[in-house]
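Computed from the coordinates by the stated procedures, all read-outs in this text should not be read as laboratory data. It should be emphasised that the depicted structure is a prediction, and the values quoted were computed from it without experimental measurement. Glycine gets a Cβ as well: all are built from the backbone with ideal geometry, and neighbour counts include every protein chain shown.
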Amino acid sequence: MKRIITLFAVVSMMAFSSCESDNNYDADTIGEVFELRNVNFDYNATDGFNIYQKLTPQIFPSDVILIYRLTGTINGSTPIWQSIPRTLYTAQGELDYDFDFSREDFTIYAGGNYNLALTPQFLNNQTFRIVIVPAAFSKNIKTEDYFSVVQALNVKENQVKQIQL
């Protein structure tokens, strides 16, 4: 009888120890933020105006990328981040920012219904924040608000990594 109770106790301990909560996310659920500062869009006949960047290391297949463009500041010190994709309405016409990504890279595009070279202020010296969002978070955050995203990911301003093109 003692052996049965001992066996039952060991099995119970193993069962309960394997039923732990995953409230603390695994290493593959770490959000990261990167910044491309003062970059210019390149032009090629195939893709038009774009900024291309490889991801090193590659992201997990379940992760997503969000991209935000710096549109200005409040009082010179509080940044205003606008989510992409976005359409801007200029005096010349419509300008669209968009992006795509894979596990290995991302591309930010600028396109429009007019000659974008007429508005270099939207193509040159641009600053973008690239946020890698783990799948565990992607359904629970307001992706249009940069500050909500980084708060949910617990990323501090001093943790934003600069990318050099």
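Just a few scattered comments:
- Footprinting exposure proxy for GLU32, GLU157, GLU144 (fewest neighbouring C-beta atoms within 10 Å first): GLU157, GLU144, GLU32
- Distance distribution note for region 24-163: the fraction of Cα pairs above 23 angstrom is 35%.
- Which of THR73, THR107 has the fewest Cβ neighbours within 10 Å, and the rest in rising order: THR73, THR107
- Between ILE80 and ASP98, the contour length at 0.36 nm per residue exceeds the Cα-Cα span by 4.7 nm.
- In this calculation the C-beta distance from GLU157 to ASN38 is compared with R0 = 22 Å, giving a FRET efficiency of 0.80.
- One decimal place: the segment SER148-THR127 gains 5.7 nm when fully extended, by the rule 0.36 nm per residue minus the C-alpha distance.
- Region 107-165: trypsin sites (Lys or Arg not before Pro) falling in loop per DSSP and having at most 12 other Cβ within 10 Å: LYS139, LYS142, LYS156
- Residues ILE67, ILE132 arranged by fewest to most Cβ contacts within 10 Å: ILE132, ILE67
- The equivalent ellipsoid that matches the C-alpha gyration tensor of region 84-165 spans semi-axes of 28, 15, 13 angstrom, in descending order.
- Full extension of the chain between THR71 and ALA45 yields a length gain of 6.7 nm, computed as 0.36 nm times the residue separation minus the alpha carbon distance.
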